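Below is one structure, written out as structure tokens, with a few remarks after it.
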Amino acid sequence: MNRVCNYKLRITVMVAVATVAVCSFAVAKDKKSKVQSTVADELKFKQNDEKGNDLKALKTELLISKNDEKALQQLKKLMAKYKGTALEPSLHFRLAELYMRRAKTATFFEVHREDNQIIRFSPLATKSSNSRHWVTKAVDTYDEIQRKFVHFRDMDLVLFNNAFSRQILGQEKLAITLYKQVIENFSESPMVPDCHLAIG
């Protein structure tokens, strides 16, 4: 149960970092324009304002992406520093999570590749985004954890996330094999019901 709590905590921290970045953007904008409004008002989608809402979503994704890039650089430094220590598998796991986060941002840009407003605002990100590239990097990292750190305490989560990532890549047979490994080797894992559901 503690592992799932830790996993959820990591997700919560990632969301919190993104929220802080978005809030910082909103506060800076308020100061420049001298408009008195709350952060919530700045971020709130407006009904019947599809273009404005898309632009807000784009700005949010760009800020999150910038923070993710900084986190990625810092994480790679930590991986070099703690190579060969007990922290190494956890750092690899965090790296795979960041790759999946980058894949989510890339998907946003892929979906909006035909949107002229978003292309004008961020042409490079919109044209060059490749979610499959980031998911593949995550899969490679999960595979490395499975090979190098067979006794990693969160191996059930590694297998589950690897399976989920492979489903995104269309590798259904490999995904099912990984889900079955969780069911067979980690019968007490809280991920088991989700594995059954995914296989079903």
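The values are calculated or read from the model by the stated rules, or taken from the named source; none is laboratory data. Fair warning: this is a prediction, and the values are worked out from it, not measured in the lab. Methodologically, a virtual Cβ is constructed for each residue, glycine included, from the backbone with ideal geometry; neighbour enumeration extends over all protein chains shown. Calculation scope for accessible area: heavy atoms of the full protein, side chains included, ligands and nucleic acids excluded. Shrake-Rupley method; radii C 1.70, N 1.55, O 1.52, S 1.80 Å.
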Worksheet, complete the sentence: Expected field for residue 137, accessible surface area in Å² at 1.4 Å probe radius, rounded to 10, holds 60 Å²
Worksheet item: In sequence order, what are the phi-derived ³J(HN,Hα) couplings for segment 97-102 according to the Karplus relation 6.51 cos²θ - 1.76 cosθ + 1.60 with θ = phi - 60°, rounded to whole Hz, with x for glycine and proline?
Response: 4, 5, 4, 5, 5, 5
Item to complete: Per residue of segment 181-196, in order, report the coupling 6.51 cos²θ - 1.76 cosθ + 1.60 (Karplus, θ = phi - 60°) as ³J(HN,Hα) in whole Hz, putting x for Gly and Pro.
Response: 5, 4, 4, 7, 9, 9, 4, 8, 5, x, 7, 4, x, 5, 5, 4
Worksheet item: Looking at this model, which pairs from 77/180; 76/104; 137/173; 77/137 are more than 29 angstrom apart at the alpha-carbon?
Response: 77/180
Worksheet item: If Lys and Arg each add +1 and Asp and Glu each add -1, what is the summed charge of the other residues whose beta carbon sits under 13 Å from the beta carbon of residue 135?
Response: +2
